[in-house]
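> Encoded as structure tokens, here's the structure I'll be asking about.
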Amino acid sequence: MDNTSHIPSLDLRPAARAVAQLTAAVDDAWLADPTPCPKYAVRELLGHIVGLATAFRDAARKDLGPSTNTDPSSVLPVLHDDWRTVLPQRLDELVESWASPEAWDGHTQAGGVTLPAAIAGRVAVNELVVHGWDLARATGQAYSPDDASLQVAYELMKPTGDEESRGGLFGPVVEVPESAPLLDRVVAVNGRRPDWRPGA
């Protein structure tokens with residue numbers, strides 16, 4: 001029996017909109033700056049966001065292929081010259097694809113992993129929230145994702161919060177007080193230090 005069938009679909013629009021607003025403000029002079037992702041400068045982080053938006057769009061559509069069966073950690077993301085046009089388009093397509101009730105049914109694939117579509121949609125929310133935070137910190141922008149997306153991200157990742165490390169996809173969980181703001185707890189359970197700053 002599929003125990004994910006009772007999980008309702010979600011609205012990815014708020015999380016995607018927050019990321020789109022951040023990317024629209026990125027100056028070309030910032031592309032080589034460091035980010036909380038050790039292997040990524042801002043350029044690679046933006047390339048990764050394009051890639052995840054494409055992959056999870058296709059996962060929602062059950063359009064499985066190179067975009068969904070490739071481990072994102074296997075290659076360094078490349079940011080193409082047309083990213084300012086492509087990235088907002090991909091985010092819109094991502095939201096539209098997961099707005100279909102059928103997107104949440106059955107199984108799909110993302111990052112080379114086959115999983116229930118209802119979980120894949122939540123992974124997409126977590127990816128948007130966390131990489132939005134990465135980009136905001138790297139570029140010095142304010143970032144206030146919506147509470148519903150934060151809660152989805154935290155509940156998704158919290159069951160693995162007692163693990164020392166989760167390999168290449170996530171860094172070791174960072175300990176923060178239960179009283180910490182929810183955004184801090186979300187980024188910490190995804191392996192980030194909430195107090196990260198460039199050069200710190």
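> Using a 1.4 Å probe and counting only protein heavy atoms, arrange Thr85, Thr108, Thr54 so the residue with the most accessible area comes first. Write down the numbers at each step before the final one.
Numbers: Thr85 85, Thr108 5, Thr54 25 Å².
Sorted by accessible area, descending: Thr85, Thr54, Thr108.
> Let me ask another. When the dipole is taken about the Cα centre of the stretch 1-114, and only Lys, Arg (+1) and Asp, Glu (-1) are charged at their Cβ, what size is it in debye, to the nearest 20?
On the way: 9 positive and 16 negative charges, 26 e Å.
Here the size comes out at about 120 debye.
> Longest span of the chain, sites excluded, free of GluC sites (Glu not before Pro) in DSSP loop with at most 12 other C-beta atoms within 10 Å?
Segment 1-162 is the longest.
> With contacts defined as alpha carbon pairs under 8 Å and 6 or more residues apart, what's the relative contact order of the chain in percent? Mind showing how you got there, number by number?
Working: 301 pairs, mean separation 48.7, N = 200.
RCO, the chain: 24 percent.
> Got a number for carbon plus sulfur as a percent of the chain's accessible area, 1.4 Å probe? Display every interim value, and only then the final one.
Working: 5300 of 10050 Å².
Carbon with sulfur: 53 percent of the solvent-accessible area.
> A further question on this structure: Full extension from Arg197 to Ala32: what is 0.36 nm times the residue separation minus their Cα-Cα distance, to one decimal in nm?
My answer for the length gained is 57.9 nm.
> Provide Val125, Val176 ordered by accessible surface of protein heavy atoms (probe 1.4 Å), highest first. Don't skip to the end; give the middle numbers.
Numbers: Val125 5, Val176 40 Å².
Ranked from most to least accessible, the order is Val176, Val125.
> Spelling out what I want: for every residue of the stretch 121-127, take phi, set θ = phi - 60°, compute 6.51 cos²θ - 1.76 cosθ + 1.60 (Karplus), and round to whole Hz; glycine and proline get x.
Karplus values, whole Hz, x for Gly and Pro: x, 6, 4, 4, 4, 4, 4.
> Turning to a different aspect of this structure: Accessible area per residue, 1.4 Å probe, Å², for the stretch 1-111: what's the number?
Working: 5920 Å² over 111 residues.
Roughly 53 Å² per residue, with all protein chains present.
> Please list Leu128, Leu79 from largest to smallest accessible area, probe radius 1.4 Å, with all protein chains kept in place.
Details: Leu128 5, Leu79 30 Å².
Most to least solvent-accessible, the answer reads Leu79, Leu128.
> For Ser100 and Gln21, compute 0.36 nm times the residue count separating them, minus their Cα-Cα distance, and round to one decimal in nm. Display every interim value, and only then the final one.
Working: separation 79, 0.36 × 79 = 28.44 nm, distance 2.38 nm.
Gain on stretching Ser100 to Gln21: 26.1 nm.
> Using +1 at the C-beta of Lys and Arg and -1 at the C-beta of Asp and Glu, which of Val113, Trp30, Asn126 has the Cα lying farthest in the positive direction of the dipole of the chain?
Trp30
> Rounded to the nearest 10 Å², what accessible area does Ser97 have for a 1.4 Å probe in the complete protein model?
We get 10 Å² for Ser97.
> Right, here's the next one. Taking the Cα centre of the chain as the origin and placing charges on Cβ (Lys, Arg +1; Asp, Glu -1), which of Ser74, Ser100, Pro14 is farthest toward the positive end of the dipole?
Ser74
> Shifting gears a bit: Please list, in chain and number order, the residues 5+ apart from Ala110 or on another chain whose amide H is under 5 Å from its amide H, with Hs placed from the backbone.
Leu115
> Note down the nm distance, to one decimal, between modelled labels 7 Å out along Cα→Cβ at Leu115 and at Glu178.
2.6 nm
> While we're looking at this one, here's another question. Once you charge only the Cβ atoms, +1 for Lys and Arg and -1 for Asp and Glu, what is the size of the charge dipole of the chain about its Cα centre, to the nearest 20 debye? Write out the running numbers ahead of the final one.
Values: 17 positive and 28 negative charges, 42 e Å.
With Lys and Arg at +1 and Asp and Glu at -1, about 200 debye.
> For Cα extents along the principal axes in Å, which listed value, [x] 49, 42, 29; [y] 42, 38, 28; [z] 121, 46, 43, comes from the coordinates shown?
Step by step, Cα extents along the principal axes in Å for this structure corresponds to label [x].
> When the chain is fully extended, how far beyond the present Cα-Cα distance does Asp81 get from Asp147, taking 0.36 nm per residue of separation? Before the final figure, lay out the partial values.
Numbers: separation 66, 0.36 × 66 = 23.76 nm, distance 3.35 nm.
Length gained, Asp81 through Asp147: 20.4 nm.
The values are calculated or read from the model by the stated rules, or taken from the named source; none is laboratory data. Bear in mind the structure is a predicted one, so any value in this text is a computation, not a measurement. We place every Cβ from the backbone using ideal geometry, glycine too, and count neighbours over all the protein chains shown. What goes into the accessible areas is simple: the full protein's heavy atoms, side chains included, and nothing from ligands, DNA or RNA. Shrake-Rupley method; radii C 1.70, N 1.55, O 1.52, S 1.80 Å.
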